[in-house]
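Undergrad: This structure is in structure tokens; I'll ask about it shortly.
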Amino acid sequence: MAPVRFLVSVVDPEEAADAAAGGAAIIDVKDPRAGSLGEAPPAAVRTIRDAVPLHLPVSAALGDGPFDAQAVARAAALLSRCGARYVKVGLARTTAAAALDTLRAVRRGLPPETGLIAVGFADFARAGCPHPAELAALTSAAGADGCLVDTLVKDGRGLFEWLDDAALASLVAHCRERDLLCGLAGSLTAADLPRVAAIRPDIVGVRGAACIGDRARGRISRERVGALAASLEARGADARAAS
């Protein structure tokens, strides 16, 4: 089984360089002041792509949702041209039917080499989005490449406040059955990483845990990224050995 890939969300080339040096496997671009998946400025995606080693993929957020399907498809295509290997589309305040239409429109507008990631929310009731248990089937039906579960409201309650280990493991299994990537995020802390690694998603994402200061106004710390990456790798190795 492949190791879990560690995603770190950044806002500029300096943070991206620190995340890469600390051991991030995916450099994610978003504006944390604009929401859980604050839309990444195209210029930032381009400069960050140029600033990090070519072997590290760059992902970019398009926003929490809801969206006009055609408008977000155009925005996704632009981020792809700026160097995003993956684009993330949030499904907040979106019905399952509208989510399907939006994701299909985005997929049609992207080149095959750019992955589309549907983002659902663990706090789905207040996010007004499909239940995470529906996410794998919805992602597959839309022709997307994977899904991520995050938290919409950043109020100190993280992923495990909303979904237990069994629910998250079920999501990972449903994604694997459909050959989809599965990522977990949502105000994860260093203490959460052993639980996350045991669930064995493909990707684990953080920002706040890697920052000095809060997620919106703080700055990524190379040392914190390194400690988190090392912890995740060690726990992942233990989980692979146990399997």
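The values are calculated or read from the model by the stated rules, or taken from the named source; none is laboratory data. What you are looking at is a predicted structure, and each value in this text was computed from that prediction instead of being measured. Here the Cβ positions follow ideal geometry from the backbone for every residue, glycine too, while neighbour counts run over all protein chains shown.
Undergrad: Being more than 29 Å from L110 (Cα to Cα) and under 16 Å from the mean Cα position of the chain (by Cα) narrows it down to one of T189, T151, T139, so name that one. Spell out how you get there, then give the answer.
TA: Working: T151 fails: more than 29 Å from L110 (Cα to Cα); T139 fails: more than 29 Å from L110 (Cα to Cα).
Matching residue, one of T189, T151, T139: T189.
Undergrad: Go through the residues of the stretch 44-54 one by one and say whether even a single one is touching a helix residue (DSSP H, G or I) at 6+ places or on another chain (Cβ under 9 Å), among the hydroxyl-bearing types (S, T, Y) and closer than 17 Å to L116 by Cα.
TA: Within the stretch 44-54 (the criterion being touching a helix residue (DSSP H, G or I) at 6+ places or on another chain (Cβ under 9 Å), among the hydroxyl-bearing types (S, T, Y) and closer than 17 Å to L116 by Cα), the answer is no, since none of the residues qualifies.
Undergrad: Right, something else. Write out, first by first residue and then by second, each pair whose Cβ atoms fall under 6 Å of each other, whose residues are 6+ apart or on separate chains, and whose first residue, in the stretch 18-34, is closer than 11 Å to V58 by Cβ and in contact (Cβ under 8 Å) with a residue 24 or more places away in the chain while the second is among the hydroxyl-bearing types (S, T, Y) and surrounded by 21 or more Cβ atoms within 10 Å (Cβ to Cβ).
TA: I26/S59; D28/S9; D28/S59
Undergrad: May I ask you to list the residues in the stretch 162-190 that are assigned to a helix (DSSP H, G or I) and either surrounded by 14 or more Cβ atoms within 10 Å (Cβ to Cβ) or among the hydrophobic types (A, V, I, L, M, F, W, C) (or both)?
TA: Step one: list which residues in the stretch 162-190 are assigned to a helix (DSSP H, G or I), which gives 165-177, 190.
Scanning the stretch 162-190 gives A166, A167, L168, A169, S170, L171, V172, A173, H174, C175, R176, A190.
Undergrad: Separate question: Just need a number here: residues in the stretch 54-66 that are without any contact (Cβ under 8 Å) to a residue 60 or more places away in the chain and under 18 Å from the mean Cα position of the chain (by Cα). Full working, then the answer.
TA: At the first step, the residues of the stretch 54-66 found to be without any contact (Cβ under 8 Å) to a residue 60 or more places away in the chain are 54-63, 66.
Filter once more, so that each one left must be under 18 Å from the mean Cα position of the chain (by Cα): 56-63, 66.
Counting residues in the stretch 54-66 that are without any contact (Cβ under 8 Å) to a residue 60 or more places away in the chain and under 18 Å from the mean Cα position of the chain (by Cα) gives 9.
Undergrad: Which one is surrounded by the most Cβ atoms within 10 Å (Cβ to Cβ), of the residues in the stretch 128-140 that are more than 14 Å from L181 (Cα to Cα) and touching a residue at least 24 places away in the same chain (Cβ under 8 Å)? Walk me through it before giving the result.
TA: Filtering the stretch 128-140 down to residues more than 14 Å from L181 (Cα to Cα) leaves 128-134.
Subset that is touching a residue at least 24 places away in the same chain (Cβ under 8 Å): 128-130, 132-134.
Details: G128: 15, C129: 27, P130: 22, P132: 21, A133: 14, E134: 16.
For the stretch 128-140, the residue satisfying everything is C129.
Undergrad: Also: Quick one: in the stretch 141-157, of everything that is in contact (Cβ under 8 Å) with a residue 60 or more places away in the chain and out of contact with any Asp or Glu (no Cβ under 8 Å at 6 or more places or on another chain), which residue is surrounded by the most Cβ atoms within 10 Å (Cβ to Cβ)?
TA: L148
Undergrad: Among the residues of the stretch 107-122 satisfying the criterion of being touching a residue at least 40 places away in the same chain (Cβ under 8 Å) and in contact with a helix residue (DSSP H, G or I) (Cβ under 8 Å, 6 or more places away or on another chain), which is farthest from G156 (Cα to Cα)?
TA: L116
Undergrad: Find the helices (runs of 4 or more DSSP H) located wholly in the stretch 35-118 whose residues include 2 or more that are surrounded by 24 or more Cβ atoms within 10 Å (Cβ to Cβ), hydroxyl-bearing (S, T, Y) and at pLDDT below 95, and list them. Quick ask: steps written out before the conclusion?
TA: Values: elements: 42-51, 69-81, 96-109.
Where helices (runs of 4 or more DSSP H) fall fully within the stretch 35-118, none carries at least 2 residues being surrounded by 24 or more Cβ atoms within 10 Å (Cβ to Cβ), hydroxyl-bearing (S, T, Y) and at pLDDT below 95.
Undergrad: Same structure again: Mind telling me which of the residues R215, R235 ends up being surrounded by fewer than 21 Cβ atoms within 10 Å (Cβ to Cβ), among the basic types (K, R) and more than 24 Å from D31 (Cα to Cα)? It would help to see each step written out before you state the result.
TA: On the way: R215 fails: more than 24 Å from D31 (Cα to Cα).
Going through R215, R235 in turn, the sole match is R235.
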